[in-house]
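Single-structure report; data block below.
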Amino acid sequence: MAEAAGAPEAEAAELRARLRAVRHTVLVLSGKGGVGKSTFSALLAHGLAADETKQVALLDIDICGPSIPKMMGLEGEQVHQSGSGWSPVYVEENLGVMSVGFLLSSPDDAVIWRGPKKNGLIKQFLRDVDWGEVDYLIVDTPPGTSDEHLSIVQYLSATHIDGAVIVTTPQEVSLQDVRKEINFCRKVKLPIIGVVENMSGFVCPKCKNESQIFPPTTGGAEKMCQNLNVSLLGKVPLDPQIGKSCDRGQSFLAEAPESPATLSYRNIIQRIQEYCEQRHLQEEKIM
């Protein structure tokens, strides 16, 4: 696709220089809004940063619906500039965040921008934010396959992307759009790390019976992944505590370490880490 061709050489060199200290880059995508993509991005960042030896960066390019500042407990924070660029806002010493939400005067402000202005901000985030040495850059994208997705893939093609994680819920209405997302990734040659089925059943805390709140009428993400030859990274059950933790800006993984959802998240995070390390080893062999 012409739009996803490499950025002009000078621009590409600038992006390479800024992002050369980023070891792994993971994009988080979803076909539909409301499936828990930003929640997944936030918890993936928290989970990776639980290892204090790892530096983690979370970049929110959901420009019209930036929910990462709220979920990370950073609402009202401002971006500061230094001689080396914009400074991320830090949750922990090893977890930095950047979002358009930090540039708004109020969390209720609407961002009413056309594509070129959104693309300009994405490029500015990649070029001007001083992340320093980073082990994992997590990019939370808007739902669908729009300008922002083409831009981030185009700009990052100058550097290195490990791949994309696609978040869905079990019902066909959501899976329908995930198939489009998978086709998008294949067209722009973006590797797919795998699919996460979110809101996958609800275990009653009292009787322990499991209910399917969103019934997988066509076999859920598992059957879709088999049909399309994509990895299913795992299924995350519903837990009301996830929403409460996000609204308070706290890590659900830390607040509910024994929840079945936390155990599922930890397994998924481990699989993503293993994929990235494997990819890194393969690239070193080629070089």
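Arranged from highest to lowest average of other beta-carbon atoms within 10 Å per residue, in what order do the peptides 103-111, 200-208, 132-140 appear?
Final packing ranking: 132-140, 200-208, 103-111.
Given the convex hull over the Cα atoms of the chain, what projected area results after averaging over all orientations, in nm²? Working shown, then result.
On the way: hull surface 61.4 nm².
Computing the convex hull of the Cα atoms and averaging its projections yields 15.4 nm².
Which lysines have a Cα lying under 22 Å from the Cα of Lys208, excluding residues fewer than 8 positions away in the same chain?
Excluding near neighbours in sequence, the set is Lys235, Lys244.
Where Lys and Arg each count +1 and Asp and Glu each count -1, what net charge lies around Ser105 among other residues with Cβ under 15 Å from its Cβ? Walk me through the numbers on the way to the answer.
On the way: positive: none; negative: Glu75, Glu77, Asp108, Asp109.
Once all neighbours under 15 Å are counted, the net charge is -4.
Let me check something: with ligands and nucleic acids excluded, how do Lys235, Lys189, Lys37 order by accessible area (1.4 Å probe), largest to smallest? Write out the running numbers ahead of the final one.
Numbers: Lys235 85, Lys189 175, Lys37 15 Å².
Listed by decreasing accessible area, they come as Lys189, Lys235, Lys37.
Net charge within 12 Å of Leu228 by Cβ-Cβ distance, Lys/Arg positive one each and Asp/Glu negative one each, not counting Leu228 itself? Kindly include the intermediate steps, with their values, before the conclusion.
On the way: positive: Arg179, Lys180, Arg186, Lys223; negative: Glu181, Glu222.
Taking every other residue near Leu228 into account, the sum is +2.
Quick check: net charge around Ala13, other residues with Cβ under 12 Å of its Cβ, Lys/Arg +1 and Asp/Glu -1? It would help to have the intermediate numbers written out before the result.
Details: positive: Arg16, Arg18, Arg20, Arg127; negative: Glu9, Glu11, Glu14.
Combined, the nearby Lys, Arg, Asp and Glu give +1.
Could you tell me the distance between the Cα centroids of region 204-282 and region 85-134, to the nearest Å?
Region 204-282 and region 85-134 have Cα centres separated by 27 Å.
Order these peptides, 224-231, 74-81, by their mean beta-carbon neighbour count within 10 angstrom, highest first.
Working: 224-231: 15.5, 74-81: 12.5.
Final packing ranking: 224-231, 74-81.
How large, in percent, is the carbon and sulfur part of the accessible surface of region 130-287 at a probe radius of 1.4 Å?
Values: 3890 of 7580 Å².
Heavy-atom surface of region 130-287 belonging to carbon and sulfur, 1.4 Å probe: 51 percent.
Under a point-charge model restricted to the Cβ atoms of Lys and Arg (+1) and Asp and Glu (-1), what is the dipole moment magnitude of region 1-129 relative to its Cα centre, in debye to the nearest 20? Provide the component values of the computation, followed by the final result.
Values: 13 positive and 15 negative charges, 85 e Å.
Dipole size: approximately 400 debye.
Output the antiparallel fraction of DSSP beta bridges having both residues in the chain, as a percent to the nearest 5.
Values: 8 of 39 bridges.
Close to 20 percent.
The values are calculated or read from the model by the stated rules, or taken from the named source; none is laboratory data. All values reported here derive from a predicted model rather than from experimental measurement. Virtual Cβ from ideal backbone geometry, glycine too; neighbours counted across all protein chains shown. These area figures cover heavy atoms from the full protein model, side chains too; ligands, DNA and RNA do not enter into them. Shrake-Rupley method; radii C 1.70, N 1.55, O 1.52, S 1.80 Å.
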